[in-house]
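**Q** Can you keep this structure in mind? I'll have questions shortly.
The values are calculated or read from the model by the stated rules, or taken from the named source; none is laboratory data. These numbers were taken from a predicted model, which means no experiment stands behind them. All Cβ positions, even for glycine, are placed from backbone atoms using ideal geometry, and neighbour counts span all protein chains on display. All accessible areas refer to the heavy atoms of the entire protein, side chains included, with ligands and DNA or RNA removed. Shrake-Rupley method; radii C 1.70, N 1.55, O 1.52, S 1.80 Å.
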Amino acid sequence: MGCGMGKSEQQLKKRGKVSISVPAMRAALLIQRWYRQYVARLEMRRRCTWNIFQSIEYAGEQDQIKLYNFFGFLMDHFTPASSERNLISHIFRKNEICRDTEWERYFCYKSIEVPDSYNGPHLTFPMTFCGVSKLVEAFKHKQQLHARYVLQLLGETWRLLRILPNISQVAACHTKEITICGDLHGHLEDLLLIFYKNGLPSSEKPYVFNGDYVDRGKNSLEILLILFGFLLVYPNDVHLNRGNHEDHIVNLRYGFTKEVLGKYRYVSALRPPKSTHHAVNGSKTPTMNNRNTELVESRRRVCSLTHHSPAPAHGHDIPRRSLHSVPMSSQLNWSVEEELKRRRRLAGFDQSYGELQKSDSDSDPESGETAETDEHEWKQIVDMLWSDPMPQNGCIPNEVRGGGCYWGPDVTEEVLGRHNLQLLIRSHECKQEGYEFCHNRRVLTIFSASNYYEVGSNRGAYIRMGPDLVPHFNQYQASRTCRELTLRQSVGWTERSALRALREQLFVHKSDLISAFQEFDANKTGMISLRHWASATERVLNLGLPWRVLRPQLVSSTQYGMVDYQQWIRELSITEPKLEISDNSILETMYKNHSNLETIFRIIDTDHSGLISFEEFRQTWKLLSSHLNTEISDEAIADLAQSIDFNKDGSIDINEFMEAFRLVDLSAHNMSLSQEL
């Protein structure tokens with residue numbers, strides 16, 4: 001049975017017009033409404049996922065700076081006989097490679113033979129476009145460059161970089177556009193895709209790379225060698241800016257040091273050098289603290305944008321300050337809290353970003369020396385490398401990252417107006433679309449590492465800009481897997497990864513969480529309200545996340561708006577290694593501070609063998625316990641060392657140690673992708 005067509009509808013059909021019935025219109029509206037709600041829900045999930053990834057990332061950076069500030073305190077205030085001081089002294093020691101002639105022997109490649117069995121690219125110098133093109137193709141096919149060519153390429157790059165100016169002038173004309181790339185973070189696929197879509201750098205196609213080439217990704221060294229190669233061929237058309245990840249201390253935590261395992265030491269921008277002054281007949285002569293001598297000339301040449309000072313003396317003419325001359329009394333005049341606050345001020349992490357005041361200087365009564373820091377210059381470079389824009393006016397400390405500042409649109413307008421600039425193009429922040437405007441479109445963030453947090457988490461982008469200075473964006477995603485996923489699948493993929501990372505954070509803080517929950521459970525029922533659960537969780541983790549929105553993904557069930565927190569902790573679906581350790585508190589400390597531990601391990605592994613002795617292991621834990629202001633007994637540390645010495649050879653493999661304590665999210669194995677979606 002069916003319904004016939006009415007007379008009016010037949011007449012309309014004859015005239016070539018068909019009306020839509022009311023039920024059909026209503027169905028179309030319902031479908032449209034459902035689709036809008038569906039897209040809105042996906043967008044909300046995507047934003048929550050993004051907040052999780054970014055909050056965890058920034059918390060790690062903040063922890064990194066806190067640890068490094070503690071290292072600075074140890075270097076200045078632990079006694080010379082302290083074993084903990086010996087563990088980290090080589091980071092800040094005077095670089096003995098001060099003069100050009102001494103640098104040359106570190107790039108001595110001629111004695112290194114290239115065997116006949118080597119099937120990678122063969123480089124010739126001076127570098128040519130053909131040579132660097134072969135290098136790109138070799139890395140594209142996962143070939144390695146021989147150590148001889150690596151050293152030769154680094155040596156040639158070093159000679160060029162040291163004569164380049166602090167600020168590069170780049171001009172666009174009608175015959176060529178400038179290509180600007182943001183963070184790459186070891187994502188070689190992204191760099192290769194940019195070259196495929198946009199073309200290789202040349203005199204007709206200049207490039208600006210905006211720093212953060214290394215860390216997090218797996219191919220940082222390959223990216224550096226490619227960029228250095230093009231820099232050598234086109235020094236006037238390839239411009240390499242520095243990011244905050246071009247820093248030795250940051251590399252220790254985020255992967256580049258592990259990738260390279262090089263033997264060169266770099267001084268961190270997070271620690272300012274000290275200018276010392278000798279009183280001679282009433283006058284003062286500028287010198288430097290011995291462990292930072294190598295920074296004198298480079299800092300004046302490279303870092304300063306506002307000050308012009310005469311060049312300092314050569315490294316071999318600088319008087320050295322003995323560590324043994326520091327009296328014990330001077331080290332007892334400061335508390336830990338006071339010293340860390342002072343260190344934050346010196347590094348530019350103070351609470352006030354107004355006019356800087358001169359800090360108290362270190363003194364050495366026995367030698368008659370005083371030390372001062374040119375903190376204004378040093379704060380400039382820290383702020384340039386670590387700061388982010390914010391929507392509100394003003395300038396405040398960037399407490400989310402732990403370094404640099406947040407600056408508002410009023411600051412942007414003032415700076416651009418003062419220097420007659422139209423647009424500030426910066427990087428340093430991952431953006432979901434690969435780029436983002438802010439501050440009335442006067443600030444543009446460009447980020448070129450796609451899939452930064454996880455496959456499908458974000459696009460990468462680069463900019464092409466002609467003489468009209470209008471930026472044109474090109475977006476991409478380097479992963480073929482991501483391109484084959486639907487929007488729903490992509491959101492589900494990244495959401496699952498973010499929740500796994502968040503569950504790990506919750507798991508390692510379980511003792512602190514239980515203590516916080518118990519404050520809201522006066523009657524010891526084991527139940528707290530959802531509001532109290534969200535409040536306590538944020539107080540412990542301090543990630544700034546919408547916990548009540550995330551509750552359905554984190555808490556399986558509630559009873560009348562109440563959370564059984566003991567059961568919830570047990571249901572986090574995280575498995576931990578089963579080691580026979582008498583003191584379980586040391587395991588939780590390990591989970592919570594595994595990144596700090598690995599950083600310290602890499603520091604004390606001076607020969608880059610990947611192995612540390614039991615004694616070094618003990619000193620590492622003592623150093624960490626001092627940083628955390630907790631007490632860990634030697635017996636507990638020895639017990640842990642014995643348990644993880646898997647082959648019983650009396651030493652500990654760093655990589656095996658970190659892998660042994662890797663937490664596993666069981667839900668990732670028990671739930672398929674289709675079920676999660």
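**Q** Scan the range 541-564 and give yes if some residue there is in a loop (DSSP other than H, G, I, E, B), touching a Leu at 6+ places or on another chain (Cβ under 9 Å) and more than 30 Å from residue 41 (Cβ to Cβ), otherwise no.
**A** Keep residues of the range 541-564 that are in a loop (DSSP other than H, G, I, E, B), which gives 542-546, 555-558, 560-561.
Right, trim to touching a Leu at 6+ places or on another chain (Cβ under 9 Å) and you get 543, 545, 555, 558, 561.
Still in the running and more than 30 Å from residue 41 (Cβ to Cβ): none.
Looking for residues that are in a loop (DSSP other than H, G, I, E, B), touching a Leu at 6+ places or on another chain (Cβ under 9 Å) and more than 30 Å from residue 41 (Cβ to Cβ), one finds none in the range 541-564, hence no.
**Q** Mind listing whichever residues of the range 630-663 are part of a strand (DSSP E or B) and open to solvent by 40 Å² or more (accessible area, probe 1.4 Å)?
**A** Scanning the range 630-663 gives a single hit, 653.
**Q** I'd like to verify a number: residues in the range 460-480 that are surrounded by 13 or more Cβ atoms within 10 Å (Cβ to Cβ) and more than 13 Å from residue 434 (Cα to Cα), how many?
**A** 6
**Q** Of all residues in the range 384-402, count the ones that are in a strand (DSSP E or B) and of a type in the set (D, E, K, R). Break it down into steps so the answer makes sense when it comes.
**A** Of all residues in the range 384-402, those in a strand (DSSP E or B) come to 388-389, 395-397.
Then drop every residue that is not of a type in the set (D, E, K, R), which leaves 388.
Adding up the residues that qualify gives 1.
**Q** Moving to a separate point now. For the range 246-260, which positions are within 19 Å of residue 182 (Cα to Cα) and in a helix (DSSP H, G or I)?
**A** 250, 251, 254, 256
**Q** Next question. Report yes if residue 575 is surrounded by 18 or more Cβ atoms within 10 Å (Cβ to Cβ) and either within 30 Å of residue 657 (Cβ to Cβ) or touching a Lys or Arg at 6+ places or on another chain (Cβ under 7 Å) (or both), otherwise no. Walk me through it before giving the result.
**A** Details: surrounded by 18 or more Cβ atoms within 10 Å (Cβ to Cβ): no; either within 30 Å of residue 657 (Cβ to Cβ) or touching a Lys or Arg at 6+ places or on another chain (Cβ under 7 Å) (or both): yes.
No: the conditions fail for residue 575.
**Q** Kindly evaluate residue 426 against the criterion of being over 30 Å from residue 485 (Cα atoms), buried (at least 16 other Cβ atoms within 10 Å of the Cβ) and of a type outside the set (A, V, I, L, M).
**A** yes
**Q** Looking at the range 438-459, is at least one residue out of contact with any strand residue (DSSP E or B) (no Cβ under 7 Å at 6 or more places or on another chain), within 27 Å of residue 43 (Cα to Cα) and surrounded by fewer than 16 Cβ atoms within 10 Å (Cβ to Cβ)? Give the derivation first.
**A** Going residue by residue through the range 438-459, those that are out of contact with any strand residue (DSSP E or B) (no Cβ under 7 Å at 6 or more places or on another chain) are 440-441, 451-458.
Add one more test, that the residue is within 27 Å of residue 43 (Cα to Cα), and what stays is 440-441, 451-458.
From the residues that got through so far, the ones that are surrounded by fewer than 16 Cβ atoms within 10 Å (Cβ to Cβ) too are 440-441.
Within the range 438-459, one or more residues are out of contact with any strand residue (DSSP E or B) (no Cβ under 7 Å at 6 or more places or on another chain), within 27 Å of residue 43 (Cα to Cα) and surrounded by fewer than 16 Cβ atoms within 10 Å (Cβ to Cβ).
**Q** Could you give every pair whose Cβ atoms fall below 6 Å, whose first residue belongs to the range 543-570 and is under 15 Å from residue 507 (Cβ atoms), and whose second residue is open to solvent by less than 60 Å² (accessible area, probe 1.4 Å) and not hydrophobic (A, V, I, L, M, F, W, C), counting only separations of at least 6 or pairs across chains?
**A** Going by the 6 Å Cβ cut-off, the qualifying pairs are 543/55; 566/526; 569/510.
**Q** Among the numbered criteria (1) touching a residue at least 24 places away in the same chain (Cβ under 8 Å); (2) in contact with an Asp or Glu (Cβ under 9 Å, 6 or more places away or on another chain); (3) over 25 Å from residue 662 (Cβ atoms); (4) open to solvent by less than 10 Å² (accessible area, probe 1.4 Å), which one does residue 492 miss?
**A** Of the numbered conditions (1) touching a residue at least 24 places away in the same chain (Cβ under 8 Å); (2) in contact with an Asp or Glu (Cβ under 9 Å, 6 or more places away or on another chain); (3) over 25 Å from residue 662 (Cβ atoms); (4) open to solvent by less than 10 Å² (accessible area, probe 1.4 Å), the odd one out for residue 492 is (3).
**Q** Among the residues of the range 510-523, are any hydrophobic (A, V, I, L, M, F, W, C), surrounded by fewer than 20 Cβ atoms within 10 Å (Cβ to Cβ), part of a helix (DSSP H, G or I) and in contact (Cβ under 8 Å) with a residue 12 or more places away in the chain? Steps first, answer last, please.
**A** The initial filter retains those residues of the range 510-523 that are hydrophobic (A, V, I, L, M, F, W, C), namely 513-514, 516-517, 520, 522.
Now restrict to residues that are surrounded by fewer than 20 Cβ atoms within 10 Å (Cβ to Cβ): 514, 520, 522.
From the residues that got through so far, the ones that are part of a helix (DSSP H, G or I) too are 514.
If we keep only those that are in contact (Cβ under 8 Å) with a residue 12 or more places away in the chain too, we end up with 514.
Scanning the range 510-523, I find at least one residue that is hydrophobic (A, V, I, L, M, F, W, C), surrounded by fewer than 20 Cβ atoms within 10 Å (Cβ to Cβ), part of a helix (DSSP H, G or I) and in contact (Cβ under 8 Å) with a residue 12 or more places away in the chain, so the answer is yes.
**Q** Anything in the range 403-423 that is open to solvent by 20 Å² or more (accessible area, probe 1.4 Å) and either in a loop (DSSP other than H, G, I, E, B) or within 20 Å of residue 211 (Cβ to Cβ) (or both)? List them, or say none.
**A** 406, 407, 415, 419, 420, 421, 422, 423
**Q** List pairs: first residue in the range 211-234 and without any contact (Cβ under 8 Å) to a residue 60 or more places away in the chain and of a type in the set (Gly, Ala, Ser), second residue in a helix (DSSP H, G or I) and surrounded by fewer than 24 Cβ atoms within 10 Å (Cβ to Cβ) anywhere in the structure, Cβ distance under 7 angstrom, at least six positions apart or on different chains.
**A** 220/259
**Q** Also: Could you list, in sequence order, all residues of the range 20-45 that are outside any helix (DSSP H, G or I) and either open to solvent by 100 Å² or more (accessible area, probe 1.4 Å) or closer than 30 Å to residue 494 by Cα (or both)?
**A** Within the range 20-45, the first condition is being outside any helix (DSSP H, G or I), and the residues that meet it are 20-21.
The one that is outside any helix (DSSP H, G or I) and either open to solvent by 100 Å² or more (accessible area, probe 1.4 Å) or closer than 30 Å to residue 494 by Cα (or both): 20.
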